[in-house]
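The values are calculated or read from the model by the stated rules, or taken from the named source; none is laboratory data. Not measured: the values here are computed from a predicted model. Ideal geometry is used to build each Cβ from the backbone, glycine not excepted, and the neighbour counts take in all protein chains shown.
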Amino acid sequence: MSEKNFFKRQTDSSKIKAYIVSEYFPQYCRIIRKKHEPRMFRYIDLFAGPGIYEDGNESTPILIGRNVAADSTLKDKVQLVFNDLYFKDDLKENFESEFPSGTFGQGVYFSQYEVGKSQEVYNFLERNTMIDGKNEKPSLLFFDPFGYKGMNTEVLARFLKNWGNEIFLFINTKRINPALENEKFEDLVRLWFPTRYDDLKERIRQQKTVSDRLEYIISNLADEFKALLKTKYLYCIAFRFQEEDINTTSHYILHITKGAKGFELAKSVYDKFANEDLVLRGSNTYTFDPKKCMYNETLFGNLDEAVNDLKQLLYFDYSGKTVAALDLFINHQIRTRYSRKHYISALRKLVAEKKIVSTFVDGKQHKVTVLLSKDCMLTFK
């Protein structure tokens, strides 16, 4: 399928991807505000598409616009930057038909650069937006290329150096996987893995299944960003999309942030749109399987499997210890793929099973046994 034909019909997976990014952005801005009130927030989409599919469904630019316009505290502070080589004019027309000029206080910009061949795009992403130690233009970048062309991990790593900047990165693993075995694509794939390419190409052959290979690609990409940024304080969490007609992975989106709060938020948003029950350890992560929608199965998965696994993990890690529930959550969640909802459910189940004693020290009566607060003390037996 060519890029121009991609926007004829919106798949369930494309819809979920758009929901994830558009729901995340306003909440991301609120997290930034708790630390610093910048001059503006930016949402940057370098492969924005036309905004509306030929079947009438809206894609990410329109959904982002609606969520920002609906928030009176944000719409005058947000700058929207949309780029697309093929659909700039279509997107501008579709977007401005719903959001007339002046809707957003910091403006909306439409461009038509070819990402990967335009130095202007790289210069824009690498620009230092820090003033007196504070980022006055914290930005969320949605990087959703068709295939793998245009990706340059070193440029994206430099974008992340500005405090508060984050990325949602679309990864078409079913294209990267065979490209690793084809020397014709070596130069392109090296742009994805500038420091790890040779080792990755050798070690990926040791992975026993296609699923293992795809997960290995994702984990190595996360490690690539950590190596380039020279920091251990980088949090990456993937969301997996299954194929519509066969039982294999189609693609991933990878969220990358230097902030633990952004990591927590990404997991909460992922959890809202995942519909496959998984233990979130090993190679497993939040997953959307469109086949479940086709067979009228519920969109959202059952918590039990993930919660039961987290229960065991928490009991093993904290047995014999007393800790405030909020401190436990903050310190533990940065090492796992579990969301806030998983932690609350797991801790309340442990109390019900009498493996934890929960005590509130604020002198108030509470209807629930556990809240993620400093006033809720947990004693593990």
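When you go through (1) buried (at least 16 other Cβ atoms within 10 Å of the Cβ); (2) farther than 23 Å from Met40 by Cα; (3) touching a Ser or Thr at 6+ places or on another chain (Cβ under 8 Å) one by one for Pro194, which number turns out not to apply?
(1)
Does region 97-104 contain at least one residue that is touching a residue at least 12 places away in the same chain (Cβ under 8 Å), outside any strand (DSSP E or B) and under 21 Å from Phe143 (Cβ atoms)? Please lay out each step first, then the result.
Taking region 97-104 as the starting set, the residues that turn out to be touching a residue at least 12 places away in the same chain (Cβ under 8 Å) are 98-99, 103-104.
Checking which are outside any strand (DSSP E or B) leaves us with 98-99, 103-104.
Narrowing the set further to residues that are under 21 Å from Phe143 (Cβ atoms) leaves none.
Within region 97-104, none of the residues are touching a residue at least 12 places away in the same chain (Cβ under 8 Å), outside any strand (DSSP E or B) and under 21 Å from Phe143 (Cβ atoms).
Does at least one position in region 200-219 carry a residue that is over 27 Å from Thr287 (Cα atoms) and modelled with pLDDT under 95?
Yes, that holds for at least one residue.
Look at region 310-352 and say how many of its residues are of a type in the set (Val, Ile, Thr) and closer than 23 Å to Asn284 by Cα.
4
Among the residues in region 300-316, are any within 28 Å of Ile218 (Cβ to Cβ), modelled with pLDDT of 95 or more, among the hydrophobic types (A, V, I, L, M, F, W, C) and more than 28 Å from the chain's Cα centre (by Cα)?
yes
Do you know which residues across region 330-344 are surrounded by fewer than 20 Cβ atoms within 10 Å (Cβ to Cβ) and not β-branched (Val, Ile, Thr)?
Hits for region 330-344 are Asn331, His332, Arg335, Arg340, Lys341.
Here is a yes/no grid of residues against (1) in contact with an Asp or Glu (Cβ under 9 Å, 6 or more places away or on another chain); (2) closer than 30 Å to Phe241 by Cα; (3) of a type in the set (Lys, Arg); (4) without any contact (Cβ under 8 Å) to a residue 12 or more places away in the chain:
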position	(1), (2), (3), (4)
Pro26	yes, yes, no, no
His36	yes, no, no, no
Ile52	yes, yes, no, no
Asn67	yes, yes, no, no
Gly107	no, no, no, no
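To keep it simple, each residue is scored yes or no on (1) in a helix (DSSP H, G or I); (2) over 17 Å from Met151 (Cα atoms); (3) touching a Lys or Arg at 6+ places or on another chain (Cβ under 6 Å).
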{"position": "Asp212", "(1), (2), (3)": "yes, yes, no"}
{"position": "Leu221", "(1), (2), (3)": "yes, no, no"}
{"position": "Lys226", "(1), (2), (3)": "yes, no, no"}
{"position": "Thr231", "(1), (2), (3)": "no, yes, no"}
{"position": "Ala238", "(1), (2), (3)": "no, yes, no"}
{"position": "Ile246", "(1), (2), (3)": "no, yes, no"}
{"position": "Phe263", "(1), (2), (3)": "yes, yes, no"}
{"position": "Lys267", "(1), (2), (3)": "yes, yes, no"}
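Among Leu265, Leu228, which is modelled with pLDDT of 85 or more and over 19 Å from Ile20 (Cβ atoms)?
Criteria check complete, one pass: Leu228.
If I ask for residues that are farther than 16 Å from Asn220 by Cα and either over 16 Å from the mean Cα position of the chain (by Cα) or not hydrophobic (A, V, I, L, M, F, W, C) (or both), which ones from region 160-174 would you list?
Scanning region 160-174 gives Lys161, Asn162, Trp163, Gly164, Asn165, Glu166.
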